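Right, one structure below, let's go through it.
The values are calculated or read from the model by the stated rules, or taken from the named source; none is laboratory data. The model shown is predicted, which means the values in this text are computed figures rather than measured ones. No Cβ is skipped: glycine too gets one built from the backbone with ideal geometry, and neighbour counts run over all protein chains shown.
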Amino acid sequence: MHLIKQHIKAVIFDMDGTIIQTEPLWDRITSDTLRLCNIYVEKLTDRDKSYLNSLSGAGFREALQMLKQYFKLSISLDEFVHQTKEISSQTFNAPIQFINGFENFHTLLQEHKVPSGIATNAHRENLDFLSEKLNFNKFFGKHLYASSDVGNRAKPDPALFLHTAKQLGVQPHECVVFEDSPYGFKAAQDAGMPCVAIAHSRNSKYRHMAHGVIHSYDEAMNILHDICNNKITTINQK
């Protein structure tokens, strides 16, 4: 851990799919909000379903704008956003679990006084709700940031990661990002931050954009040691 502390001054986490298991809930939210527009996910083609999967990790408003355009929906964007927020506020009352191993890994960071924060494309209301539900303050204190904190410049814009690093009091190159979406991988690249991909079925085509890949947070310390030892000198091809 001493080596890690020498080279890594802060760790930045995405939220959905990276520290909490919310992807199935977002699938349900997408299905429910499209159903109100007479679009039924279970009747979609494989191509349409693939497009839905590609939006995982996109900014909240940006994803809805893309859905509106793709399915040629007549609903206004503002109403679509409002409708989806209403559905999400109900859906997220369901039990939500942390990603396997995250809590133990974060405990190690805290024990060794490595600061951390959340940088998520989720809308602020959702972040605040989940923070209260899962006690994010226990892990991150006040360092909980959404795209609204940087003028709604959602990932893949690097602004959110750069803002989080600044608030944590460190330089971008001193951070490591944990992410699960291509939007986040690109944002970390452009922010000049090494990125670790949390592997799941939806990002297999994009993991080459990250500097390392883990399938569980049980592997997180090893990948951080690799980064510090400069064993990962080129983009990982996993």
In segment 1-26, the residues that are exposed (fewer than 15 other Cβ atoms within 10 Å of the Cβ) and either under 25 Å from H123 (Cα atoms) or in contact with a Gly (Cβ under 7 Å, 6 or more places away or on another chain) (or both)
P24
Count - residues of segment 1-30 that are polar (S, T, N, Q), over 19 Å from I87 (Cα atoms) and not in a helix (DSSP H, G or I)
1
Quick check on segment 121-161: of everything there that is buried (at least 20 other Cβ atoms within 10 Å of the Cβ) and hydroxyl-bearing (S, T, Y), which residue is farthest from G59 (Cα to Cα)?
Y145
Out of (1) buried (at least 22 other Cβ atoms within 10 Å of the Cβ); (2) over 23 Å from I4 (Cα atoms); (3) at pLDDT 95 or above, what's the single condition that is false for D180?
(2)
Count - residues of segment 100-127 that are closer than 27 Å to E86 by Cα and either at pLDDT below 95 or in contact with a strand residue (DSSP E or B) (Cβ under 6 Å, 6 or more places away or on another chain) (or both)
10
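Give the number of residues within segment 186-206 that are in a helix (DSSP H, G or I) and either among the hydrophobic types (A, V, I, L, M, F, W, C) or crowded, with 22+ Cβ neighbours inside 10 Å (or both).
Quick first cut of segment 186-206, residues in a helix (DSSP H, G or I) only: 186-191.
Still in the running and either among the hydrophobic types (A, V, I, L, M, F, W, C) or crowded, with 22+ Cβ neighbours inside 10 Å (or both): 187-188, 191.
Matching residues across segment 186-206 total 3.
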I118 touching a Lys or Arg at 6+ places or on another chain (Cβ under 9 Å) and either outside any helix (DSSP H, G or I) or surrounded by fewer than 20 Cβ atoms within 10 Å (Cβ to Cβ) (or both):
no
Go through segment 27-51 residue by residue and tally those that are surrounded by 15 or more Cβ atoms within 10 Å (Cβ to Cβ) and closer than 13 Å to K68 by Cα.
6
Return a yes/no flag: does segment 124-138 have any residue that is within 23 Å of I227 (Cα to Cα), aromatic (F, W, Y) and not assigned by TED's automatic domain parsing to the domain that holds A63.
no
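Can you tell me which residue is nearest to L224 (Cα to Cα) among those in segment 139-178 that are small (G, A, S) and either part of a helix (DSSP H, G or I) or outside the structural domain of H211 (by TED's automatic domain parsing) (or both)? Lay out the reasoning, then the answer.
So in segment 139-178, the residues small (G, A, S) come out as 141, 146-148, 151, 154, 159, 165, 169.
When the remaining residues are screened for being either part of a helix (DSSP H, G or I) or outside the structural domain of H211 (by TED's automatic domain parsing) (or both), the result is 147-148, 159, 165.
Values: S147: 26, S148: 30, A159: 23, A165: 18 Å.
Only one residue tops the list, namely A165.
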If you go through segment 37-57 one residue at a time, do you hit one that is among the small types (G, A, S), not in a helix (DSSP H, G or I) and not assigned by TED's automatic domain parsing to the domain that holds G192?
yes
I want to confirm something. Restricting to segment 51-84 and keeping residues that are more than 24 Å from D14 (Cα to Cα) and among the aromatic types (F, W, Y), which single residue is farthest from the chain's Cα centre (by Cα)?
F71
